[in-house]
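Here's the structure, in structure tokens; my notes come after.
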Amino acid sequence: MKKIALAGNPNVGKSTVFNALTGLHQHTGNWAGKTVSNTSGYFKHNDIDYQIYDLPGTYSLIAHSKEEEVARDFICFEEYDLVIVVCDAVCLERNLNLVLQTLEITDKVIVCVNLMDEAKKKKIRIDLDKLANILGVPVVATSARNKDGLDQLLDKLGNRQFNPLKIEYDSQLEDAVTSILPYLEGKTKNLNSRWVAINLINYDKKLYQKITTYLGYDLLNDESIKKQLILIKEKLKQELYVADLIKKAESIAGEVVTYEDFKYDKRNRQIDKIVTSKFFSLPIMLCLLMLIFWITIKGANYPSDLLFNMFNHIEQYLLRFLAYLSAPNWLIGVLISGIYRVLTWVIAVMLPPMAIFFPLFTLLEDLGFLPRIAFNLDRAFKKCCACGKQALTMCMGFGCNAVGVSGARIIDSPRERLIAILTNVFVPCNGRFPTMITIITIFFVGVSSNNTFLSVVILTSVILLGIILTFLVSFILSKTILKGVPSSFTLELPPYRKPKVGQVIIRSIFDRTVFVLGRAIVVAIPAGLIIWLLGNININDISLLNHIATFLDPFAKMIGLDGVILIAFILGFPANEIVIPIMLMAYMSTGQLIEFESLESLRQILVANGWTITTAICVLIFSLCHFPCSTTCMTIKKETGSFKWTILAILIPTVIGIFLCFIIKQLSFLF
């Protein structure tokens with residue numbers, strides 16, 4: 001089986017090429033020693049089996065993030081038969097930088113110039129034959145979304161005629177490389193000795209450590225190499241490597257690219273003048289946020305009801321089956337009233353909004369709008385000494401905080417990545433929406449009202465408070481335990497593109513929804529057992545659940561809640577969706593989760609148990625600011641590799657939530 005690496009800049013359609021080649025013959029995992037996910041796939045062409053690796057998008061092999069390190073390390077140190085470098089036909093000059101760096105490492109390269117359909121629309125012409133002659137490797141034009149050119153790409157895989165371009169650098173750098181090459185002879189194993197020489201001169205600590213690990217010895221322990229490098233650095237006073245690569249890419253692009261219309265991106269610029277303007281950017285983002293919430297809330301109701309009805313029917317059959325087996329009541333209670341009900345409740349409430357939100361989120365991503373959000377919020381995050389990319393992790397958090405936490409990998413700085421992870425919980429996820437929307441409807445909109453818009457407006461106001469807290473906590477962290485200055489980063493504003501709806505749905509369902517739901521299900525099973533035991537083990541005719549609620553009641557009353565509400569949030573740790581059902585279970589002493597008949601009946605139960613407007617406000621605030629769910633905590637531990645940061649991620653929002661609820665409770669005495 002032949003091994004292929006698929007490399008390229010972000011937003012060049014690399015994954016589209018990958019999907020077109022592999023179909024659904026894919027596997028997703030983690031790179032060894034990394035939290036960055038890898039995707040490999042399989043396909044067959046001309047009776048030859050291929051395994052292809054979709055490397056993380058990178059602008060350069062001079063790595064600044066985990067993703068770029070993974071791409072660099074694979075190309076530099078792994079054994080493979082071929083590298084396909086995917087380029088954007090519209091922005092070929094910028095993409096050639098990665099092509100030239102790859103040619104320094106290996107001669108087994110095919111250049112795939114993708115998005116030719118967009119280039120044609122914008123009247124950009126590329127002389128592919130001339131580009132192939134200059135680079136000395138095969139060049140193939142594709143439009144992967146339309147599957148154009150993929151057959152030609154596959155046919156080139158068997159190509160054996162490689163005569164890659166030798167890049168001529170500035171004379172100073174060329175002399176330096178030539179002077180050190182004799183000292184490296186026979187010492188670089190399978191690595192290109194010229195590439196090793198360049199990277200010894202342009203010393204990068206992390207890359208050098210990788211080279212040392214690959215070779216099995218430290219080149220700098222060789223005194224002759226060390227002395228030669230000292231002499232070189234005395235003569236070479238400036239960084240020439242990157243500058244020369246950029247000049248070479250510009251020169252090649254100038255020879256092969258022709259623009260018939262220099263205003264080809266006029267429409268994008270006109271849209272960006274509005275979308276990224278000082279006056280309109282925030283209102284546009286706010287309206288878009290409200291629209292997404294409205295679609296998610298409105299659309300999730302019907303499939304949730306269908307799932308509840310389906311699971312209720314299945315429950316009846318399971319009960320009959322267990323009765324047929326003469327199973328004892330306690331076993332039926334554990335399996336059905338405990339584990340089954342909690343598990344199905346989590347699925348019924350969690351799946352529909354995620355299945356709606358994540359495709360919407362991915363549509364915005366494919367459309368090119370999400371990078372604009374990061375651009376718009378970059379200044380605000382910079383003032384908090386954080387990174388503008390944190391805006392993207394916040395957006396992911398609306399679907400699921402666990403996804404937002406894992407999405408923090410896109411942030412290069414470890415300090416800023418930690419800030420994004422620790423503050424992501426202030427963005428309410430889909431799991432918290434049911435509680436929030438129910439409370440808003442009952443106490444602020446009115447049970448008899450069907451005003452979904454007003455619910456969305458109030459919900460958005462609560463979310464804005466969460467965003468403000470994100471900025472505030474990010475600022476405090478950056479001035480205390482995570483001190484530092486904000487890093488700069490390159491953010492590409494890709495052209496607006498028409499999303500491929502089918503691919504969006506598949507990618508969002510499999511990559512995000514199933515991932516989150518799977519983790520929640522794993523935790524929901526033992527949680528169902530614990531909740532049933534607490535509700536059914538009685539001491540003096542009172543369940544353990546109510547005993548614990550009574551114990552917590554004095555503290556809970558201080559912060560505007562009650563013991564039942566507090567224990568419901570604690571037991572809702574596996575999944576926020578079950579908070580209200582646990583409240584009903586405790587208030588009504590049923591010993592099992594029950595579904596309320598209507599919002600009016602729920603309102604009567606809550607009011608009968610002492611709920612007021614103050615209680616409702618405090619529950620909303622505590623829903624916004626409390627410990628992350630178990631799935632998110634597991635993800636934080638995995639991403640940070642530390643229990644310390646996981647505990648801190650639990651304590652920060654919980655302490656802030658308790659403080660805000662206490663203030664609201666005290667203020668209520670004034671009215």
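The values are calculated or read from the model by the stated rules, or taken from the named source; none is laboratory data. The shown structure was predicted, so the numbers you read here are calculated from the model rather than taken from an experiment. We place every Cβ from the backbone using ideal geometry, glycine too, and count neighbours over all the protein chains shown. SASA here: full protein model, heavy atoms, side chains in, ligands and nucleic acids out. Shrake-Rupley method; radii C 1.70, N 1.55, O 1.52, S 1.80 Å.
Going by what's in this entry, would N114 be described as open to solvent by less than 80 Å² (accessible area, probe 1.4 Å), touching a helix residue (DSSP H, G or I) at 6+ places or on another chain (Cβ under 8 Å) and within 29 Å of H45 (Cα to Cα)? Break it down stepwise before answering.
Numbers: open to solvent by less than 80 Å² (accessible area, probe 1.4 Å): yes; touching a helix residue (DSSP H, G or I) at 6+ places or on another chain (Cβ under 8 Å): yes; within 29 Å of H45 (Cα to Cα): yes.
The answer is yes for N114.
Among the residues making up the range 103-141, none is more than 21 Å from A20 (Cα to Cα) and within 30 Å of the chain's Cα centre (by Cα).
Based on what the data block shows, is K263 over 33 Å from the mean Cα position of the chain (by Cα) and not in a helix (DSSP H, G or I)?
Details: over 33 Å from the mean Cα position of the chain (by Cα): yes; not in a helix (DSSP H, G or I): yes.
Taking the combined requirement at face value, the residue satisfies it.
In the range 147-168, the residues that are farther than 16 Å from I48 by Cβ reach residues that are of a type in the set (A, V, I, L, M, F, W, C) and in a strand (DSSP E or B) with C-beta atoms within less than 7 angstrom, at least six apart or across chains, in these pairs: G149/V140; G149/A141; Q152/V140; P164/V109.
Screening I252 on (1) assigned to a helix (DSSP H, G or I); (2) β-branched (V, I, T); (3) under 27 Å from V99 (Cα atoms); (4) open to solvent by 20 Å² or more (accessible area, probe 1.4 Å) shows it passes everything except condition (4).
Is it the case that the range 625-641 has a residue that's out of contact with any helix residue (DSSP H, G or I) (no Cβ under 9 Å at 6 or more places or on another chain) and either within 19 Å of M436 (Cα to Cα) or in contact (Cβ under 8 Å) with a residue 40 or more places away in the chain (or both)? For the range 625-641, residues out of contact with any helix residue (DSSP H, G or I) (no Cβ under 9 Å at 6 or more places or on another chain) and either within 19 Å of M436 (Cα to Cα) or in contact (Cβ under 8 Å) with a residue 40 or more places away in the chain (or both): absent. Across the range 584-592, not a single residue is classified as open to solvent by less than 60 Å² (accessible area, probe 1.4 Å), farther than 27 Å from T460 by Cβ and in contact with a strand residue (DSSP E or B) (Cβ under 6 Å, 6 or more places away or on another chain). A single entry from L325, L331 fulfils the requirement of being loosely packed, with under 15 Cβ neighbours inside 10 Å, in contact with a Leu (Cβ under 9 Å, 6 or more places away or on another chain) and among the aliphatic types (A, V, I, L, M): L331. Scanning the range 524-557 for residues that are under 35 Å from the mean Cα position of the chain (by Cα) and open to solvent by 30 Å² or more (accessible area, probe 1.4 Å) yields I525, P526, L529, I530, W532.
In the range 25-32, is there at least one residue being at pLDDT below 85 and more than 22 Å from the chain's Cα centre (by Cα)? Spell out the reasoning first.
Applying the first criterion (at pLDDT below 85) to the range 25-32 yields 25-32.
Add one more test, that the residue is more than 22 Å from the chain's Cα centre (by Cα), and what stays is 25.
Looking for residues that are at pLDDT below 85 and more than 22 Å from the chain's Cα centre (by Cα), one finds at least one in the range 25-32, hence yes.
Scan the range 222-246 for residues that are acidic (D, E), modelled with pLDDT of 75 or more and within 14 Å of Y169 (Cβ to Cβ) and report the count.
Just the residues of the range 222-246 that are acidic (D, E), to begin with: 222-223, 234, 239, 244.
Those still in the list that are modelled with pLDDT of 75 or more too: 222-223, 244.
Going one step further and asking which of them are within 14 Å of Y169 (Cβ to Cβ), we end up with 244.
Selection size over the range 222-246: 1.
It is to be established whether one or more residues within the range 379-386 are of a type in the set (A, V, I, L, M), over 20 Å from K644 (Cα atoms) and free of Cβ contacts under 8 Å to residues at least 40 places away in the same chain. For the range 379-386, residues of a type in the set (A, V, I, L, M), over 20 Å from K644 (Cα atoms) and free of Cβ contacts under 8 Å to residues at least 40 places away in the same chain: absent. Pairs, please: C-beta under 6 Å, at least 6 apart or cross-chain, first residue in contact (Cβ under 8 Å) with a residue 40 or more places away in the chain and in the range 389-404, second part of a helix (DSSP H, G or I) and among the charged types (D, E, K, R)? Once the first residue is in contact (Cβ under 8 Å) with a residue 40 or more places away in the chain and sits in the range 389-404, its partners that are part of a helix (DSSP H, G or I) and among the charged types (D, E, K, R) give V403/R512. Annotation: R194 fulfils all but one of (1) part of a helix (DSSP H, G or I); (2) closer than 27 Å to C112 by Cα; (3) in contact with a helix residue (DSSP H, G or I) (Cβ under 6 Å, 6 or more places away or on another chain); the unmet one is (3). Is there a residue being crowded, with 18+ Cβ neighbours inside 10 Å, in contact with a Phe, Trp or Tyr (Cβ under 8 Å, 6 or more places away or on another chain) and not in a helix (DSSP H, G or I) anywhere in the range 351-368? Checked the range 351-368: at least one residue is crowded, with 18+ Cβ neighbours inside 10 Å, in contact with a Phe, Trp or Tyr (Cβ under 8 Å, 6 or more places away or on another chain) and not in a helix (DSSP H, G or I). Note on the range 170-228: among residues that are over 13 Å from E104 (Cβ atoms) and among the aromatic types (F, W, Y), the one that is most open to solvent (accessible area, probe 1.4 Å) is Y203.
Do you know which residues across the range 232-245 are in a helix (DSSP H, G or I) and open to solvent by less than 90 Å² (accessible area, probe 1.4 Å)? If you could, list the steps in order and put the result at the bottom.
Start the filter on the range 232-245 by keeping residues that are in a helix (DSSP H, G or I), which leaves 232-235, 241-245.
Result: I232, Y241, V242, A243, D244, L245.
With the structure loaded, tell me whether N301 is among the polar types (S, T, N, Q) and open to solvent by less than 90 Å² (accessible area, probe 1.4 Å) or whether it fails that test.
Values: among the polar types (S, T, N, Q): yes; open to solvent by less than 90 Å² (accessible area, probe 1.4 Å): yes.
The answer is yes for N301.
Could you tell me whether any residue of the range 215-222 is more than 21 Å from V99 (Cα to Cα), of a type in the set (G, A, S) and not in a helix (DSSP H, G or I)? The answer is yes, given that some residue of the range 215-222 is more than 21 Å from V99 (Cα to Cα), of a type in the set (G, A, S) and not in a helix (DSSP H, G or I). Looking only at residues in the range 122-169 that are open to solvent by 30 Å² or more (accessible area, probe 1.4 Å) and in contact with a Pro (Cβ under 7 Å, 6 or more places away or on another chain), the one that is farthest from Y259 (Cα to Cα) is N159.
Hey, among the residues in the range 474-504 that are hydrophobic (A, V, I, L, M, F, W, C) and open to solvent by less than 80 Å² (accessible area, probe 1.4 Å), which one's modelled with the highest pLDDT? Ranking the candidates gives L477 first.
Tell me which helices (runs of 4 or more DSSP H) are completely within the range 564-671 and hold 1 or more residues being of a type in the set (S, T, N, Q), or say none if there are none.
Per the criteria, 599-608, 613-624, 630-640, 643-668.
Number of residues in the range 529-579 that are in contact with a Pro (Cβ under 7 Å, 6 or more places away or on another chain) and modelled with pLDDT of 85 or more equals 0.
Is the range 558-577 home to any residue that is surrounded by fewer than 15 Cβ atoms within 10 Å (Cβ to Cβ), touching a Lys or Arg at 6+ places or on another chain (Cβ under 8 Å) and either in contact (Cβ under 8 Å) with a residue 60 or more places away in the chain or under 19 Å from P628 (Cα atoms) (or both)? Within the range 558-577, one or more residues are surrounded by fewer than 15 Cβ atoms within 10 Å (Cβ to Cβ), touching a Lys or Arg at 6+ places or on another chain (Cβ under 8 Å) and either in contact (Cβ under 8 Å) with a residue 60 or more places away in the chain or under 19 Å from P628 (Cα atoms) (or both).
Against the definition (of a type in the set (A, V, I, L, M, F, W, C), buried (at least 16 other Cβ atoms within 10 Å of the Cβ) and without any contact (Cβ under 8 Å) to a residue 12 or more places away in the chain), how does A616 come out, yes or no?
Numbers: of a type in the set (A, V, I, L, M, F, W, C): yes; buried (at least 16 other Cβ atoms within 10 Å of the Cβ): yes; without any contact (Cβ under 8 Å) to a residue 12 or more places away in the chain: no.
Criteria not met by A616.
Taking first residues from the range 458-473 that are closer than 16 Å to C385 by Cβ and partners that are surrounded by 18 or more Cβ atoms within 10 Å (Cβ to Cβ) and polar (S, T, N, Q), the Cβ contacts under 6 Å between residues at least 6 apart in sequence or on separate chains come to T470/T423; V473/T423. Looking across the range 177-201, the residues that are β-branched (V, I, T) and touching a residue at least 40 places away in the same chain (Cβ under 8 Å) come down to I180, I198, I201.
Among the residues of this structure, R409 counts as one that is in contact with a strand residue (DSSP E or B) (Cβ under 9 Å, 6 or more places away or on another chain), part of a helix (DSSP H, G or I) and surrounded by fewer than 23 Cβ atoms within 10 Å (Cβ to Cβ).
How many residues does the range 374-391 contain that are open to solvent by 20 Å² or more (accessible area, probe 1.4 Å) and in a helix (DSSP H, G or I)? Residues meeting the conditions: 8.
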